[in-house]
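A short worksheet on the structure shown next.
Each reported figure results from applying straightforward, stated rules to the coordinates on display, with no laboratory input. All of these numbers come straight from a predicted model, not from anything done at the bench. We place every Cβ from the backbone using ideal geometry, glycine too, and count neighbours over all the protein chains shown.
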């Protein structure tokens, strides 16, 4: 190998274990062990060119994340499926998970509220204007995936809440009631610790990592209609995207 | 307002406080209080149409997140700046933060390793082939932002590590040593809790929320060359993107 600087460090086992865990985590999410069974410790040690102790440490990490289960007789199995949500297209959850299972929404709040200035500004309504606020807990089958808080502009909001929110994506309803297509959305994405209310609602431990997606969606004529704050379970959702160097 | 179902719930103060905190958090990240000062509790209560107790609760949340500082005489100030990283274009950190400050890299590891099968598969090299592994802690000024682990294909990797990794993006170096442009990347994004090594390295508490970005980058002829696992501080990085409904 070519001379390098600085001098390579010796990598402690914890570092190697973290790397093995990273790669295995990806494999699990990619469905590589779809039948549920991982290779034995010995096989993994050979695959990764590391010691069995290192493999054991990596598997302990994944077990603590709830990603795998281990038993003395049963071996190592995938415990938890992560769901992929595409970041490339502007899709509702129900559209995204078509094929995975039934998306249903527990509607927790529907009410008119005075738009706080920041919300009013982004939705381009007067500060204090009445907007529609909706809070939904979204399930895939029996699994709570995300807690969504949505502000809709008055006209669109009042028409949307005439419809079944339990079984429809808000995106689809906006297109139905306006007769227009949605155009573009601006989104920002953060990793945050679950506050205790969100944790209890999403059935995760306090301070568990969540993906917080803020999304402002416009009609195809550029009118902003929908401002959302979406908290997704970090242990259940992977966002996927493709990027180009030259755009 | 039109009749709605189910019956709106009365929203407890904690819920309202969370909403106020969400909106203020966005404002802070958007630079709305760029001079550093937030409005008084009384002004915020009027802006959001909530009680001062609710405002206080929201501000407590933001203080616990390290986002603001509060003093009896000095009022409420922004304590912590979040940096935006675009998800739309394929850019290195240094290219992204041009204008924010100096990006420098603490190179922690450079070594040849045997590619684990999953890495080999994604980089399209033989399992066990020698690939170049680089671990860097990336700073903006004095602030550690992300811990990046990079696997490079052998030819590209050996040429890249001949260059200064402290001050250059790997993306820029790949383009320099190959004489080609990068093409596209596949990425996946998760919220994870910081393991203790990552936490200590990134100077955050154990289990603090991190954004984990896995990115496989190709040359413009489609050859995969660079597989990365990037852990970004959740309290410091916001990812931004724009989406279209019809693509």
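Using helices alone, I'd like the mean residue ellipticity at 222 nm for chain A: each DSSP H run of four-plus residues gives -39500 (n - 2.57), total over residue count, nearest 500.
Dividing the helical sum by the residues of chain A leaves -8000 deg cm²/dmol.
So how compact is the stretch B:162-247: Cα radius of gyration and Dmax in angstrom?
15.7, 44
Taking the convex hull of the Cα atoms, report for the protein assembly as shown its projected area averaged over all directions, in nm². List each step's numbers first, then the result.
Working: hull surface 95.5 nm².
Averaged projected area of the protein assembly as shown's Cα convex hull equals 23.9 nm².
Report, for residue A:66, each distance to the same residue's label point in the other copies, shortest first and in nm; define the point 7 Å along Cα→Cβ.
Nearest first, the other copies' label points are 2.5 nm away.
Which distances, in nm and shortest first, link the residue B:39 label point to the same label point in every other copy, taking 7 Å along Cα→Cβ?
6.0
Across all directions of projection, what mean area in square nanometres is found for the Cα convex hull of the stretch B:13-78? Could the numbers behind the result be given before it?
Details: hull surface 15.7 nm².
Hull-based average projected area comes out at 3.9 nm².
Per q in 0.09 1/Å, what log10 I(q)/I(0) does a Debye calculation on the alpha-carbon atoms of chain A return?
-0.52
To test your reading of the geometry: what angle, between 0 and 90 degrees and rounded to tens, separates the Cα axis of helix A:13-29 from the longest principal axis of chain A?
Approximately 50 degrees, to the nearest ten.
Considering the stretch A:159-208, what Rg and Dmax in Å follow from its alpha-carbon atoms?
Final numbers for Rg and Dmax: 15.9, 42 Å.
Within 10 Å of each residue's Cβ, count the other Cβ atoms and sort A:49, A:133 from fewest upward.
Values: A:49 14, A:133 22.
Taking fewest neighbouring Cβ atoms as first place, the list is A:49, A:133.
Fewest Cβ neighbours within 10 Å first, please rank B:236, A:124 accordingly. Working shown, then result.
Numbers: B:236 21, A:124 13.
Lowest count first: A:124, B:236.
Sorted from shortest, what are the nm distances separating the label point of residue A:186 from equivalent points in the other copies, each placed 7 Å from Cα along Cα to C-beta?
Shortest to longest, the spacings are 3.2 nm.
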